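> Take this structure first; my questions come after.
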């Protein structure tokens, strides 16, 4: 079962929902990383052997964050009009539909009603 690191641009409720669904989840805000740079957040996720969940499109740059150099990156790409509860709900639903092998080393873009996976 994959572990998750939640970036600060994601709803705090996402970590709680992941934990309630049986996943290990760490929110970077709880580890003194609020305002940290992307490279530091990426390093924290790698060291924790965890999938990074972020809304930051910069993590989608496979030249900077090459496929298979991490435990997985999920980029949440949802409209600004969506509530944080709805975003969290949709992310949990998509995560539960995937296998652990879908995450390892891959880049996933999660949007309303769909997931795109760039595989290693």
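> Based on what the data block shows, is residue 107 under 14 Å from the mean Cα position of the chain (by Cα), crowded, with 16+ Cβ neighbours inside 10 Å, more than 22 Å from residue 12 (Cβ to Cβ) and modelled with pLDDT under 95?
Spelling it out, it is not the case that residue 107 is under 14 Å from the mean Cα position of the chain (by Cα), crowded, with 16+ Cβ neighbours inside 10 Å, more than 22 Å from residue 12 (Cβ to Cβ) and modelled with pLDDT under 95.
Listed here are the residues, each with its yes/no results for (1) touching a helix residue (DSSP H, G or I) at 6+ places or on another chain (Cβ under 8 Å); (2) within 15 Å of residue 76 (Cβ to Cβ); (3) touching a residue at least 60 places away in the same chain (Cβ under 8 Å).
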residue: 3; (1), (2), (3): no, no, yes
residue: 19; (1), (2), (3): no, no, no
residue: 26; (1), (2), (3): yes, no, no
residue: 37; (1), (2), (3): no, no, no
residue: 40; (1), (2), (3): no, no, no
residue: 46; (1), (2), (3): no, no, no
residue: 52; (1), (2), (3): yes, yes, no
residue: 55; (1), (2), (3): no, yes, no
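> So which strands (runs of 3 or more DSSP E) stay within the range 2-85 end to end and still have 2 or more residues that are surrounded by fewer than 20 Cβ atoms within 10 Å (Cβ to Cβ)?
24-27
> Failed condition for residue 61, given (1) out of contact with any helix residue (DSSP H, G or I) (no Cβ under 9 Å at 6 or more places or on another chain); (2) closer than 16 Å to residue 1 by Cβ; (3) at pLDDT 95 or above, with all others met?
Every listed condition holds for residue 61 apart from (2).
> Does residue 88 count as surrounded by fewer than 13 Cβ atoms within 10 Å (Cβ to Cβ) and outside any loop (DSSP other than H, G, I, E, B)?
The answer is no for residue 88.
> Let me ask something additional. Could you tell me which numbered condition residue 88 fails, if it satisfies all but one of (1) within 12 Å of the chain's Cα centre (by Cα); (2) at pLDDT 95 or above?
Condition (2) is where residue 88 drops out.
> Mind checking which residues of the range 95-113 are outside any loop (DSSP other than H, G, I, E, B), out of contact with any strand residue (DSSP E or B) (no Cβ under 9 Å at 6 or more places or on another chain) and in contact (Cβ under 8 Å) with a residue 12 or more places away in the chain?
Hits for the range 95-113 are 96, 100.
> How many residues are without any contact (Cβ under 8 Å) to a residue 24 or more places away in the chain and closer than 14 Å to residue 2 by Cα if we restrict to the range 65-94?
1
> Another question, then. Test residue 117 against the stated conditions and say whether it is without any contact (Cβ under 8 Å) to a residue 60 or more places away in the chain, surrounded by 16 or more Cβ atoms within 10 Å (Cβ to Cβ) and outside any helix (DSSP H, G or I).
Considered against the rule, which asks whether it is without any contact (Cβ under 8 Å) to a residue 60 or more places away in the chain, surrounded by 16 or more Cβ atoms within 10 Å (Cβ to Cβ) and outside any helix (DSSP H, G or I), residue 117 comes out as no.
The values are calculated or read from the model by the stated rules, or taken from the named source; none is laboratory data. Because the structure is a prediction, the values reported are computed rather than measured. Neighbour counts are summed over all protein chains in view; Cβ atoms, including those assigned to glycine, are modelled from backbone coordinates with ideal geometry.
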